[in-house]
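Notes to accompany the following structure.
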Amino acid sequence: MKTATADAIVLPLYSDEDVVRLRKRVREELIALGFGIVDQTKMITAASELARNTLKYGKGGECHLSKVDQSAKTGVELLFTDDGPGIADVDLALTDGYTSGGGLGLGLSGAKKLSDEFHLETQPGNGTHVIIRKWKLA
């Protein structure tokens, strides 16, 4: 289900500075679309968690930021991609508190809870693709 629209803004994720730039760009897009502060905070937090996972576990990658329209709603979609080792056990990785790297274990499960839609594709040895969306009723 990897999707990215032709008009997506592609943001590299290879350093902590890239994560800061991503957070800023996501905030700008959410503000431009009229999202409130609570939804902005949720989506920026989810984006930050996934960006850090892309750096730490995927050895870097990119995020495709898109505006999406569907029926009576408008939203923001973020597609995170990396060519890292993939996730061997997705169910375990989505368990609150599970971490393979010494963190709090809230990255994937937290991003899932903070977004309106969450989709993950991964295969060991073939990288990971995560899509999150936040919707605003039109």
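Each reported figure results from applying straightforward, stated rules to the coordinates on display, with no laboratory input. Note that the structure is a prediction, hence the values are computed from the model and not measured. Glycine also receives a Cβ, built like all others from the backbone with ideal geometry; neighbour counts cover every protein chain displayed.
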In terms of modelled amide H atoms, which long-range or inter-chain residues lie less than 5 Å from the amide H of Asp116? Arg133, Lys134, Trp135
Between Gln123 and Val38, how many nm apart are label points set 7 Å from Cα along the C-beta direction? 4.1 nm
Top of Val26, Val38, Val76 by mean-square fluctuation, Gaussian network on the chain, Cα under 10 Å: Val38
How compact is the chain by the rule of thumb for globular proteins, expressed as Cα Rg over 2.2 N^0.38 Å? 0.98
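Counting other beta carbons within 10 Å of each Cβ, put His64, His119 in order, fewest first.
In increasing order of surrounding Cβ atoms, one gets His119, His64.
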In whole Hz, with x marking every Gly and Pro, tabulate ³J(HN,Hα) for the range 77-83 from phi via Karplus 6.51 cos²θ - 1.76 cosθ + 1.60, θ = phi - 60°. 10, 10, 10, 9, 10, 8, 10
With θ taken as phi - 60° and the coefficients 6.51, -1.76 and 1.60, list the Karplus ³J(HN,Hα) couplings across the range 11-26 in order, rounded to whole Hz; mark glycine and proline as x. 10, x, 10, 10, 7, 4, 5, 5, 5, 4, 4, 4, 4, 5, 5, 5
Restricting to Cα pairs under 8 Å and 6 or more apart, the percent relative contact order of the chain works out to 27 percent
Options Gly34, Ile132, Ser15, ranked by Cα towards positive dipole end of the chain, top entry (Cβ charges): Gly34
Highest GNM mean-square fluctuation, the chain, Cα pairs closer than 10 Å: which of Ile31, Ile87, Ile44? Ile31
